Amino acid sequence: MHAAKAPVEKNKEYEMTIDDLGANGEGVGRIDGFAVFVEGALPGERILVKVVKVTKSYAYGKLLSIIHKSPDRVEPKCPYFKYCGGCQLQHLSYEGQLEYKTKLVRDALEMIGHFENIKVLPAIGMDHPWQYRNKAQFPVGLIQGRLALGFYAPRSHNLINVDVCPIQHDIINKVTELVRSFIQTYKIPVYDENIHKGIIRHVVTRVGFKSNQIMVIIVTNGELPRKKELVSIIRKGLPAVTSIVQNYQTEKTNVILGSKYRILWGSDHIIDEIGDLKFKISPLPFYQVNPIQTGILYNKALEYADLTGKETVIDAYCGIGTISLFLARKAAKVYGVEVVPQSIEDAIENARINGIDNAEFITGKSEEIIPELAKQGIKADVVVVDPPRRGCDEKLLQAIVNMSPERMVYVSCNPATLARDLKYLTEYGYMVNEIQPVDMFPQTSHVECVTLMSRVEK
């Protein structure tokens, strides 16, 4: 039996209505019941589209014109928005973005987790949803022989040159300008990933919003010439700079940072603050990119943990101890677990900086460390997890279930893996009490969530 032929053909034009937004912020509509994804289109819009790709179950279309506009459509603030893959939603009003992100979480819970009637609160947004990023990673390359620093186009490694990015802290835009000047002045070869040649691969900048400290990281494919000149240009153009670092990434890979680095000038870290806690940030470890919303996120996690001062808490994927230290001031004891040794070193230092002595940090995989803690007679009343986008390892979820904490707080940056993991936990004696989305990444399709789960008495 032959599969039914798709009702649309490649390279043909169609009129259609957009009904929804997909997980990546693209418009979704149907032609004769067949799903068509259209980048740049919004729900409620009648559009003319050219089909550019057809699969068995859906198609991709290119937006040609808008016949009827959505009232939520706004003019993008960034001139590169149509070409750059950094943002997906600048054409959607901010109120519309928050509604979309709330719905994104609800849809993932229903479609992936098969949940019904879960309490998902409206996404918490920002008063000023621009210039919020404290970290930027700009690839460096050539476009038709001309120097380019910026972002990749969506779903490609085609580099888009970006002079100013409106979601980055202003200082980051200044750093980009100075490094561009250095490369041009001294004719430093830039990296070509096709042939694995050239020196400068990425420019990474970290900024402490509260401290105003700045770290500039030049990622190189080998040794960097003219180091003194680089330091001089950055320090002269940006006297507030705190740290200038060379990172070595000599592998043929999409991973931006290598494990080896050297300090070219200044400190090996910067300091930033979340709430009234100070954090040391080294070149490699993860640190949330939106410090304003991070404070809101962590306070919500603290609220859900509902600590009285008597509890033992385990913080899995603890990073540099940010959530752990928030919790430690309200708990009897916190154990932070993280697989990256440098992150643990920073976490220990961060506890010292903040005068917190009831937080212990352990290097290792959480799914291995938690059973070890259990063998030592340590039982968590509350477990907090903040995994990467791929979600929690199933072995970790099982280890948590075996320990049987009263409450779990799950911080997630990916509604799809969150829904999958929550489904697993509900099958082993936990219920989802409430989910709070937080808009950590305005103008993009990404959303962060904090979920409270509690053990069901049997």
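Which percentage, to the nearest 5, of the DSSP beta bridges contained in the chain is antiparallel? Walk me through the intermediate numbers first.
Numbers: 67 of 100 bridges.
Beta bridges within the chain, antiparallel portion: roughly 65 percent.
Among rounded, prolate and oblate, which fits the chain when a ≥ b ≥ c are the square roots of the eigenvalues of its C-alpha gyration tensor, a/c under 1.5 means rounded, and a/b larger than b/c means prolate?
Oblate is the answer for the chain, as a/c is 1.5 or above yet b/c matches or exceeds a/b.
Using 0.36 nm times the number of residues separating Lys10 and Ser181, minus their current alpha carbon distance, what extension gain do you get? Mind dumping the intermediate values first?
Working: separation 171, 0.36 × 171 = 61.56 nm, distance 4.44 nm.
Gain on extension, Lys10 to Ser181, equals 57.1 nm.
Quick one: how many lysine pairs in the stretch 290-455 have C-alpha atoms under 19 angstrom apart, if they're 8 or more apart or on different chains?
Close lysine pairs found across the stretch 290-455: 13.
Hey, for a label at Val74 modelled as a point 7 Å past Cα toward Cβ, could you say which residues of the stretch 118-152 have their backbone N under 14 Å away?
125-132
State, as an integer percentage, the relative contact order of the chain based on alpha-carbon contacts under 8 Å between residues 6 or more apart. Let's see the in-between values first.
Numbers: 1027 pairs, mean separation 56.1, N = 458.
RCO, the chain: 12 percent.
Could you pull out every residue, at least 5 positions away or on a different chain, whose amide H is within less than 5 Å of the one on Lys210? Hs are placed 1.01 Å off N in the peptide plane, and Pro or chain starts have none.
Excluding prolines and chain starts, which carry no amide H, the hits are Glu273.
Would you kindly calculate the translational diffusion coefficient of the stretch 290-455, applying Stokes-Einstein with the Kirkwood radius from alpha carbon pairs, for 4 °C and a viscosity of 1.567 mPa s, and quote it in µm² s⁻¹ without decimals? Can you show the working numbers first?
Details: Rh = 15.7 Å.
Rounded, D is 83 µm²/s.
Leu142 to Lys310: FRET efficiency via 1/(1 + (r/R0)^6), r the Cβ-Cβ distance, R0 56 Å, to the nearest 0.05?
Numbers: r = 60 Å, r/R0 = 1.08.
The pair Leu142/Lys310 has a calculated efficiency of 0.40.
List the lysines whose alpha-carbon lies under 18 Å from that of Lys53, not counting same-chain residues fewer than 8 positions away?
List returned: Lys5, Lys10, Lys12, Lys62.
Take Lys62 and Asp32, extend 7 Å from each Cα along the Cα→Cβ direction, and tell me the distance between the two endpoints in nm.
2.3 nm
Scattering from the C-alpha atoms of the stretch 78-196 alone, worked out with Debye: what is log10 I(q)/I(0) at q = 0.17, 0.22, 0.23 1/Å?
Log10 of I(q)/I(0), two decimals: -0.94, -1.25, -1.32.
Compute the label zone of Asn299 within the stretch 311-334: residues whose backbone N is under 19 Å from the point 7 Å along Cα-to-Cβ.
322-331
More than 17 angstrom separation, counting every C-alpha pair in the stretch 13-68; what % is that?
Of the Cα pairs, 21 percent sit more than 17 Å apart.
Check cross-link reach from Lys77 to the aspartates and glutamates: straight Cα distance under 17 Å, and skip same-chain residues fewer than eight apart.
Glu95, Asp127, Asp163, Asp170
Compute the FRET efficiency between Glu434 and Ser93 as 1/(1 + (r/R0)^6), taking r as their Cβ-Cβ distance and R0 = 45 Å, and round to the nearest 0.05. List each step's numbers first, then the result.
On the way: r = 27 Å, r/R0 = 0.59.
E(calc), rounded to 0.05, equals 0.95.
Can you list the residues of the stretch 370-413 with backbone N under 20 Å from a point 7 Å past the Cα of Asn254, pointing along Cα to Cβ?
Inside the label zone: 388-392, 413.
Filter the trypsin sites (Lys or Arg not before Pro) in the stretch 87-152 down to the DSSP loop ones having no more than 10 other Cβ atoms within 10 Å, then list what survives.
Working: sites: Lys101, Lys103, Arg106, Lys119, Arg133, Lys135, Arg146; in loops: Lys119.
Filter output for the stretch 87-152: Lys119.
For Cys165, Cys392, which order do you get if you count the other beta carbons within 10 Å of each Cβ and list the fewest first?
Result, fewest neighbours first: Cys165, Cys392.
At what distance in nm do the modelled label points of Ser267 and Ala332 sit from each other, each positioned 7 Å from its Cα along Cα→Cβ?
Result for the modelled spin labels: 3.6 nm.
If you take the beta carbon distance between Ser232 and Arg390 as r and set R0 to 51 Å, what does 1/(1 + (r/R0)^6) give as a FRET efficiency, to the nearest 0.05?
Working: r = 42 Å, r/R0 = 0.82.
The value I calculate is 0.75.
Out of all DSSP beta bridges with both ends in the stretch 13-68, state the antiparallel percent to the nearest 5. Display every interim value, and only then the final one.
Working: 21 of 25 bridges.
For the stretch 13-68, the DSSP antiparallel bridge percentage is about 85.
Placing +1 at every Lys and Arg Cβ and -1 at every Asp and Glu Cβ, with all other atoms neutral, what dipole size does the chain have around its Cα centre, in debye to the nearest 20? Write out the running numbers ahead of the final one.
Values: 55 positive and 53 negative charges, 315 e Å.
Here the size comes out at about 1520 debye.
Report, as a whole number in µm² per second, the diffusion coefficient that Stokes-Einstein gives for the stretch 240-376 at 25 °C and 0.890 mPa s using the Kirkwood radius over alpha carbon pairs. If you can, show how the numbers build up before the last one.
Numbers: Rh = 16.1 Å.
In µm²/s, the coefficient is 153.
None of the figures in this text is laboratory data; all of them are computed from the coordinates on show. Quick caveat: nothing in here was measured; it's all calculated off a predicted structure. So basically every Cβ, Gly included, is an ideal-geometry build from the backbone, and we count neighbours across all protein chains shown.
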